[in-house]
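Okay, structure first, notes after.
The values are calculated or read from the model by the stated rules, or taken from the named source; none is laboratory data. Not measured: the values here are computed from a predicted model. A quick note on method: Cβ atoms are made from the backbone with ideal geometry, for glycine too, and the neighbour counts reach across all protein chains shown.
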Amino acid sequence: MLFLRKNMIEIINIFIFPLVLIIFLQNNLLSRFLNNNYGKKILFLDQKILNLFILLNLILIISLLNLKIEITIYLVVVYFLLTNFLFFSFKKNFFFIYNFLFLLIIFYIFSVQIAAYPDLSWDGKFHWYKRALNFFQDMGFENLSSLPKYEYPHFGSYIWALFWSTSPLKLEYFGRLFYLFLYLLSIYSICDLVINQKIKNLSFIFFSLIAFNLNHFTGNQDIVVFSFIIFLTRYFYLIYIDKDDKILNYLLFILINNIIIWIKYECFVYVFLSYIILITSKFLNKKFDKVYFLTLFLFITILFKISISKIYQISLDASFQFSGEYNFKELFYLENIIYKFFFIIKYYLFSLFKNPILLLGFFSLAIILFKRISLLTPMFIFFILLNLSTFSIFYIIQSDFEWHVVYGIDRYILQYSGVSILFIIILLNNLFRNK
Amino acid sequence: MKNIYFLKSLKTNFIILLFFFVILINFDFFKNVFSIIKYEKNERLKKTSYFCEKDSQGFIIYLKKKYNFQSNPELVNNTISPLSDWIYFDFKKTTNKKKLILLNYEEIQDLDTQFINNEFILNATPPLVKKIKGVKISLKKKLDYDYPIKLNINEINFKDRNKLITRKFSFKKMTLNKEINLDLDISDKSKLNQYSISISPLDIDLINDVNILVENKISLNDYKIIDKKQNCYFLEKI
């Protein structure tokens with residue numbers, strides 16, 4: 001009987017988990033502030049996402065202080081109470097949950113699959129689980145040096161450990177269920193850009209189903225990067241199309257980039273590219289106040305990362321790219337260039353056909369360009385540069401080059417493939433604009 | 001009008017429900033919920049893992065339940081698989097180097113090769129390999145003449161190829177099988193290496209099978225066997 005009760009508790013926890021997350025997304029104090037200053041121009045969804053990233057940035061700072069994970073939980077709860085106690089409303093909570101109904105349904109479908117098959121991937125077992133366990137057991141930041149690849153960023157495993165700790169039965173996969181929640185919320189946020197209300201929910205269901213793969217939620221951090229890149233794409237896009245040029249979009253752009261850089265090593269590329277493209281376009285449009293503002297925050301983001309790395313003596317060398325005896329001259333040998341280029345292209349194309357989102361994205365982009373549909377040049381450049389970065393990231397590897405390409409390219413492409421959803425949505429908006 | 005609207009919305013709602021039901025079935029929703037209710041997490045993990053094959057998580061879960069580790073034993077797997085020590089690992093416990101979990105292990109292994117591009121290739125080299133002890137060649141039929149052979153053992157690492165050793169010998173007439181003894185130390189080679197055997201003159205209609213005999217690093221005589229299932233061991237150093 002006890003055994004049955006414990007397993008029923010597990011199912012009930014899975015049911016309650018996303019409801020609690022949705023409730024924690026609300027910040028009535030922030031909502032009131034935004035409504036007073038911007039009226040109804042700030043969407044309900046943007047308020048929730050802003051609160052999510054304020055919370056994530058707070059958790060990031062707390063994670064660097066070497067405090068017990070319980071303290072992080074208490075601080076998050078205190079933050080929630082302080083920002084909501086004055087204006088708490090059950091009716092509002094019901095309204096929030098109702099708005100995310102489709103997200104909840106899809107969450108339950110996928111979460112039980114993750115729970116029923118709790119195995120981890122290779123890297124999940126070898127790297128990421130132990131990093132999460134390190135934080136779960138309050139071993140501190142320095143103890144990460146006892147694990148292989150100390151230089152790997154910690155934040156993804158920290159939030160895994162955080163939600164592992166919040167689970168009443170202390171089940172590790174609850175951390176991965178938070179990854180699932182982020183994944184669904186990110187797709188929900190980008191599908192919100194669909195103008196036609198009838199196909200908005202349909203597009204969310206479609207993208208969340210075709211992009212879902214159980215293997216993405218087996219401990220690897222690539223799906224976390226995928227989710228954050230989608231959030232970034234939404235606000236990157238809104239910065240260009242928003243006539244009011246709201247500071248909220250820039251704030252979210254900065255907050256999201258500040259989190260991405262702490263998930264995986266190669267995320268430096270995404271942060272750097274997104275900032276440079278945005279700064280350049282603002283410069284060309286003579287919006288110098290935005291140029292200074294963004295340059296300052298790019299500098300702060302990178303300086304923060306470098307400072308923390310120095311404090312905790314974390315190497316900033318990319319260990320896969322520069323392992324073994326590195327010979328910089330080899331990068332310029334023509335024979336090498338040709339061999340590596342064709343090898344990467346071959347596996348890039350294999351990966352493309354294994355990633356339906358990216359494939360559809362390229363197809364949509366081709367139609368957009370062919371039909372000369374209005375497409376923001378910076379977004380197009382961002383997408384192309386991300387694809388080109390695949391070549392540079394793998395080209396510079398010398399030790400076990402072929403092995404890294406064969407086993408790593410799928411996951412690298414997954415990380416930025418969410419950007420291509422934007423092109424599918426632009427095409428949908430064009431096709432259904434009058435309906 | 002109200003009836004028509006009611007029927008239309010009933011039809012739409014029915015289609016939506018049907019659509020969701022198809023998704024639920026496609027993603028095994030009910031089966032997964034049943035599995036979560038019936039089996040606890042480690043049991044679910046055991047059911048979806050191999051017992052004593054590849055990552056051998058089933059064996060690790062069995063050991064964890066039976067021995068309730070007070071320290072973290074070392075774990076070594078003789079196949080190229082992810083390490084399964086995550087199942088029992090605890091930072092608050094010390095690593096016990098005297099206790100060893102050894103997975104998929106045989107001291108001497110007889111490994112099959114695949115015939116690809118006129119060579120017999122050993123695809124998966126055991127990570128604990130110490131030596132190539134010998135090569136076993138079997139013919140499809142007995143010959144009524146001596147068949148001289150030159151045999152090369154090569155090391156392959158993606159596009160790089162090195163010849164490690166050459167041996168000449170002869171299949172005596174009316175012999176089907178021959179074992180060539182070698183003592184080739186490969187313990188310091190990369191785990192990502194493949195090994196191949198090239199035979200000249202190569203008559204594929206004549207050669208049935210080529211196997212490589214390897215000796216692995218760990219000697220079971222140095223340990224006391226606490227538990228054993230198939231080729232998986234829980235050992236204590238003597």
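Some notes on this structure:
- Here the helices (runs of 4 or more DSSP H) wholly within the stretch A:1-108 that include at least 2 residues being modelled with pLDDT of 90 or more are A:2-24, A:44-63, A:69-84.
- Verdict on A:Tyr275 being hydroxyl-bearing (Ser, Thr, Tyr) and surrounded by fewer than 18 Cβ atoms within 10 Å (Cβ to Cβ): no
- Qualifying residue in the stretch A:156-171 (condition: assigned to a helix (DSSP H, G or I), within 11 Å of another protein chain (Cβ to nearest Cβ), crowded, with 20+ Cβ neighbours inside 10 Å and in contact with a helix residue (DSSP H, G or I) (Cβ under 9 Å, 6 or more places away or on another chain)): no
- When A:Asp289 is tested against the conditions (1) assigned to a helix (DSSP H, G or I); (2) touching a residue at least 40 places away in the same chain (Cβ under 8 Å); (3) among the acidic types (Asp, Glu), the lone failure is (2).
- Subset of the stretch B:165-193 (residues that are in a strand (DSSP E or B), closer than 30 Å to B:Val76 by Cβ and either within 14 Å of another protein chain (Cβ to nearest Cβ) or not charged (D, E, K, R) (or both)): B:Ile165, B:Ile180, B:Asn181, B:Leu182, B:Leu184
- Per-region count, the stretch B:85-129, residues within 14 Å of chain A (Cβ to nearest Cβ), farther than 21 Å from A:Asp119 by Cα and part of a strand (DSSP E or B): 1
- Screening A:Ile190, A:Ile205 for residues that are in the same structural domain as A:Tyr129 (by TED's automatic domain parsing), of a type in the set (A, V, I, L, M) and over 11 Å from A:Leu103 (Cα atoms) leaves exactly one candidate, A:Ile190.
- Selection count, the stretch A:392-405, where residues are at the interface with chain B (Cβ under 9 Å from one of its Cβ atoms) and out of contact with any Phe, Trp or Tyr (no Cβ under 6 Å at 6 or more places or on another chain): 3
Every residue, every condition in (1) more than 24 Å from B:Pro126 (Cα to Cα); (2) without any contact (Cβ under 8 Å) to a residue 12 or more places away in the chain; (3) surrounded by 18 or more Cβ atoms within 10 Å (Cβ to Cβ); (4) touching a Lys or Arg at 6+ places or on another chain (Cβ under 7 Å), yes or no:
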| position | (1), (2), (3), (4) |
| --- | --- |
| B:Glu53 | no, no, no, no |
| B:Ile60 | no, no, yes, no |
| B:Asn68 | yes, yes, no, no |
| B:Thr95 | yes, no, no, no |
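- Condition check for B:Ile153: closer than 30 Å to A:Glu402 by Cα, among the β-branched types (Val, Ile, Thr) and in contact (Cβ under 8 Å) with a residue 24 or more places away in the chain: yes
Each row is one residue, and each column tells you yes or no for (1) away from every other protein chain (no Cβ under 14 Å); (2) surrounded by 12 or more Cβ atoms within 10 Å (Cβ to Cβ); (3) outside any loop (DSSP other than H, G, I, E, B).
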| site | (1), (2), (3) |
| --- | --- |
| B:Leu83 | no, yes, no |
| B:Val135 | yes, yes, yes |
| B:Ile153 | yes, yes, yes |
| B:Lys163 | yes, no, yes |
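- Yes/no for A:Phe178 being among the hydrophobic types (A, V, I, L, M, F, W, C), closer than 29 Å to A:Tyr235 by Cα, in contact (Cβ under 8 Å) with a residue 60 or more places away in the chain and surrounded by fewer than 19 Cβ atoms within 10 Å (Cβ to Cβ): no
- Top-ranked residue in the stretch A:102-139 [being among the polar types (S, T, N, Q) and facing chain B (nearest Cβ under 8 Å); ranked as surrounded by the fewest Cβ atoms within 10 Å (Cβ to Cβ)]: A:Gln137
- Residue check: A:Glu142 meets all listed conditions (1) away from chain B (no Cβ under 13 Å); (2) acidic (Asp, Glu); (3) outside any loop (DSSP other than H, G, I, E, B) but one, namely (1).
- Of all residues in the stretch B:183-225, those satisfying the criterion of being of a type in the set (Ser, Thr, Tyr) and either closer than 21 Å to B:Arg167 by Cα or touching a residue at least 40 places away in the same chain (Cβ under 8 Å) (or both) are B:Ser187, B:Tyr195, B:Ser196, B:Ser198, B:Ser200, B:Ser219, B:Tyr223.
- The single residue among A:Ile357, A:Ile384, A:Ile367 that is touching a helix residue (DSSP H, G or I) at 6+ places or on another chain (Cβ under 9 Å) and either under 22 Å from A:Ile229 (Cβ atoms) or crowded, with 18+ Cβ neighbours inside 10 Å (or both) turns out to be A:Ile357.
- Odd one out for B:Ile16 among (1) among the hydrophobic types (A, V, I, L, M, F, W, C); (2) within 22 Å of A:Gln137 (Cα to Cα); (3) assigned to a helix (DSSP H, G or I): (2)
- A:Asn66 being touching a residue at least 24 places away in the same chain (Cβ under 8 Å) and farther than 25 Å from A:Ile263 by Cα: no
- Among the residues of the stretch A:234-266, the ones that are in contact with a helix residue (DSSP H, G or I) (Cβ under 8 Å, 6 or more places away or on another chain) and part of a helix (DSSP H, G or I) come to 20 in all.
- Within the stretch B:25-42, the set of residues being among the β-branched types (Val, Ile, Thr) and facing another protein chain (nearest Cβ under 7 Å) comprises B:Val33, B:Ile36, B:Ile37.
Each row is one residue, and each column tells you yes or no for (1) among the hydroxyl-bearing types (Ser, Thr, Tyr); (2) in contact (Cβ under 8 Å) with a residue 40 or more places away in the chain; (3) not assigned by TED's automatic domain parsing to the domain that holds A:Phe33.
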{"site": "A:Tyr74", "(1), (2), (3)": "yes, no, no"}
{"site": "A:Asn93", "(1), (2), (3)": "no, yes, no"}
{"site": "A:Phe100", "(1), (2), (3)": "no, yes, no"}
{"site": "A:Ala115", "(1), (2), (3)": "no, yes, no"}
{"site": "A:Phe126", "(1), (2), (3)": "no, no, no"}
{"site": "A:Ala132", "(1), (2), (3)": "no, yes, no"}
{"site": "A:Phe136", "(1), (2), (3)": "no, yes, no"}
{"site": "A:Asn143", "(1), (2), (3)": "no, no, no"}
{"site": "A:His154", "(1), (2), (3)": "no, yes, no"}
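- Hey, B:Ile226 over 29 Å from B:Tyr147 (Cα atoms), surrounded by 14 or more Cβ atoms within 10 Å (Cβ to Cβ) and modelled with pLDDT of 90 or more or not: yes
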